[in-house]
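Accompanying notes for the structure given below.
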Amino acid sequence: MNKRYAIILAAGKGTRMKSDLYKVLHPVCGKPMVQHITDQLKGLNTNKMIAVVGHGAEMVKEELGEEVSYVLQEEQLGTGHAVMQAEPLIGSEQGTTVVLCGDTPLLTQETIDSLIKEHEQQQAKATILTAAADDPTGYGRVIRNHENQVEKIVEHKDASEEEKLVTEINTGTYCFDNKALFEALSKVGNDNSQGEYYLPDVIEILKEQGESVAAYQTADFNETIGVNDRVALSRAEVIMQKRINEQLMRDGVTLIDPANTYVSADTKVGRDTVIYPGCVIKGETLIGEKCEIGPHTEIENSKIGSANVIKQSVVHDSEVGDRVSIGPFAHLRPKTKLGNEIKVGNFVELKKMTMGDGSKASHLSYLGDAEIGENVNVGCGSITVNYDGKNKYLTKIEDDAFIGCNSNLIAPVTIGKEAYVAAGSTITEDVPGESLAIARGRQTNKEGYVSRQKNEK
Ligand code: UD1
Ligand code: MG
């Protein structure tokens, strides 16, 4: 089979983003733009994926990992110059090379595949992926001759008034005969308004040499949006979110209001889970089946089992078993690990802690740096006093213990199996199993106190 290569242009700074973050690393639905591209390419079985990196090279490499080969473009002299950097790696190979921009995150594998098929069918030296734009401002225009054949691409900044009226745009994605690409690139100059070596100039060069150049117009302009500024970024986000949400619904997840539900590209949700409005689900999150999430819940990088109810709560870097009820207004901070059939009620904050099956903290608690066993009841207002201003200490509460309301458990401390802590206690020493600890001032009633006060006046 014909060898296939992919070159992804990702060296630009992204001046128009006005950002400290390099353009291709700006996330769309939680995933860097350039990674959307490489993820789509993975299904295409290319022999080599090459990313051209420059600005933020180390960060881009870190994101994309080892499945991609890298070439460095030290100075950003244009998209043509960027592609040229890949010549030492594949310049002498026979095959088909797809060139894509790292700022077109919505492009799908199907469209790239169709472009390659069209290119191979037409036996063209170059095939451009084009689209019809309602507003083509900023894009390169595809200029066709009287026979409707592609002549060249003209950048917006170099276009005449007449050329600016053309609505067929260059999406920045192309398919080339590999050898023809690098031969033509050596002839590209930089005599244009930006003083850059433009990749699209290859088209005109090939045409002048009498080579066949084709264009494949995709039906959906939205898929080809090039993100150069934050306005386009927000458009891409909306389109990508709609795509993710529709896929979730097709897979059996109910979204009450898809336009107000934000789910990252790397989240997976099981069947018959219902997500209520205002939820933001970020990072790599896994949610099981038959859960009720939200309204207004944020979950990030967490593993949530099945049949859970999580209302108006925040869950970060945590694990939750099955049939657990969380919230409203609970906060699970990193490294919280809950078993099954647990209740974490309103205004409960958990951090770096584990809780066994059947335990409850129903109201107003802080439980941090703690190991809590099974069937433990943590009463309203009870807290683990884990921090002395310098260090953090562990609280252990063993199975079936009962912590009365408003208790302070001053760590390090262990409450034994089936032990009771009386309400209002401040516990400073371990409580043995099956015992009752009371650590509070005894109550004294001063009878007749009020009438004595009155008589003194
Ligand atoms: C480019 C095309 C334009 C097309 C549009 C589609 C050129 C000259 N113009 O314009 O015809 O309509 O994309 O979105 O190609 N890059 C490098 N090194 C460089 C310059 C750019 O790696 O020296 C990378 C950027 O990081 C970016 C991509 O190439 O990912 C495209 O560059 P950008 O500056 O966004 O080009 P556009 O102006 O959008
Ligand atoms: Mg661009």
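Restricting Ala126, Ala133 to residues that are within 16 Å of ligand 2 (Cβ to nearest atom), open to solvent by less than 10 Å² (accessible area, probe 1.4 Å) and not hydroxyl-bearing (Ser, Thr, Tyr) narrows the list to Ala133. For the range 263-279, which positions are touching a strand residue (DSSP E or B) at 6+ places or on another chain (Cβ under 9 Å), open to solvent by 50 Å² or more (accessible area, probe 1.4 Å) and without any contact (Cβ under 8 Å) to a residue 40 or more places away in the chain? Result: Lys268, Asp272, Tyr276. In the set (1) under 33 Å from the mean Cα position of the chain (by Cα); (2) away from ligand 2 (no atom under 16 Å from the Cβ); (3) crowded, with 18+ Cβ neighbours inside 10 Å, Leu181 fails one condition alone, (1). The condition (being assigned to a loop (DSSP other than H, G, I, E, B), open to solvent by 20 Å² or more (accessible area, probe 1.4 Å), of a type outside the set (Ser, Thr, Tyr) and more than 10 Å from ligand 1 (Cβ to nearest atom)) is satisfied by just one residue among Asp20, Asp39: Asp20. From the list Leu286, Leu332, which residue is in contact with a strand residue (DSSP E or B) (Cβ under 6 Å, 6 or more places away or on another chain), surrounded by 18 or more Cβ atoms within 10 Å (Cβ to Cβ) and among the aliphatic types (A, V, I, L, M)? None of the others qualify; the one that does is Leu332. Across the range 291-311, the qualifying residues are those that are open to solvent by 60 Å² or more (accessible area, probe 1.4 Å) and either of a type in the set (A, V, I, L, M, F, W, C) or in a strand (DSSP E or B) (or both), and the one among them that is nearest to Gly252 (Cα to Cα) is Glu292. A search for C-beta distances below 7 Å between a residue of the range 1-29 that is assigned by TED's automatic domain parsing to the domain that holds Thr97 and at positive phi and any residue that is more than 10 Å from ligand 1 (Cβ to nearest atom) and open to solvent by less than 60 Å² (accessible area, probe 1.4 Å), counting only pairs 6+ apart in sequence or on different chains, returns Cys29/Met240; Cys29/Gln241; Cys29/Ile244; Cys29/Ser264; Cys29/Ala265. Do we find a residue being exposed (fewer than 15 other Cβ atoms within 10 Å of the Cβ), within 14 Å of ligand 2 (Cβ to nearest atom) and over 18 Å from Ala10 (Cα atoms) anywhere in the range 138-145? Checked the range 138-145: no residue is exposed (fewer than 15 other Cβ atoms within 10 Å of the Cβ), within 14 Å of ligand 2 (Cβ to nearest atom) and over 18 Å from Ala10 (Cα atoms). One residue stands out among those in the range 149-166 that are surrounded by fewer than 13 Cβ atoms within 10 Å (Cβ to Cβ) and more than 17 Å from Glu118 (Cα to Cα): the one that is nearest to ligand 1 (Cβ to nearest atom), which is Lys157. Taking (1) away from ligand 1 (no atom under 13 Å from the Cβ); (2) at positive phi in turn, Gly56 satisfies each apart from (1).
Considering only residues in the range 365-380 that are touching a residue at least 24 places away in the same chain (Cβ under 8 Å) and open to solvent by 20 Å² or more (accessible area, probe 1.4 Å), the one that is farthest from Ser318 (Cα to Cα) turns out to be Cys380. Looking only at residues of the range 61-97 that are assigned to a loop (DSSP other than H, G, I, E, B) and of a type in the set (D, E, K, R), we find that the one that is farthest from ligand 2 (Cβ to nearest atom) is Glu93. Of the residues that sit in the range 194-248 and are open to solvent by 50 Å² or more (accessible area, probe 1.4 Å), within 30 Å of Arg271 (Cβ to Cβ) and not charged (D, E, K, R), which one is farthest from ligand 2 (Cβ to nearest atom)? Top of the filtered list is Gln247.
Select from the range 167-218 the residues that are of a type in the set (Gly, Ala, Ser) and farther than 21 Å from Gln109 by Cα and write down the one among them that is farthest from ligand 1 (Cβ to nearest atom). Per the criteria, the residue is Gly210.
The values are calculated or read from the model by the stated rules, or taken from the named source; none is laboratory data. On a predicted model such as this, the values are computed, not experimentally measured, just so you know. Glycine gets a Cβ as well: all are built from the backbone with ideal geometry, and neighbour counts include every protein chain shown. Ligands, DNA and RNA are excluded from the accessible area calculation, which covers all protein heavy atoms including side chains. Shrake-Rupley method; radii C 1.70, N 1.55, O 1.52, S 1.80 Å.
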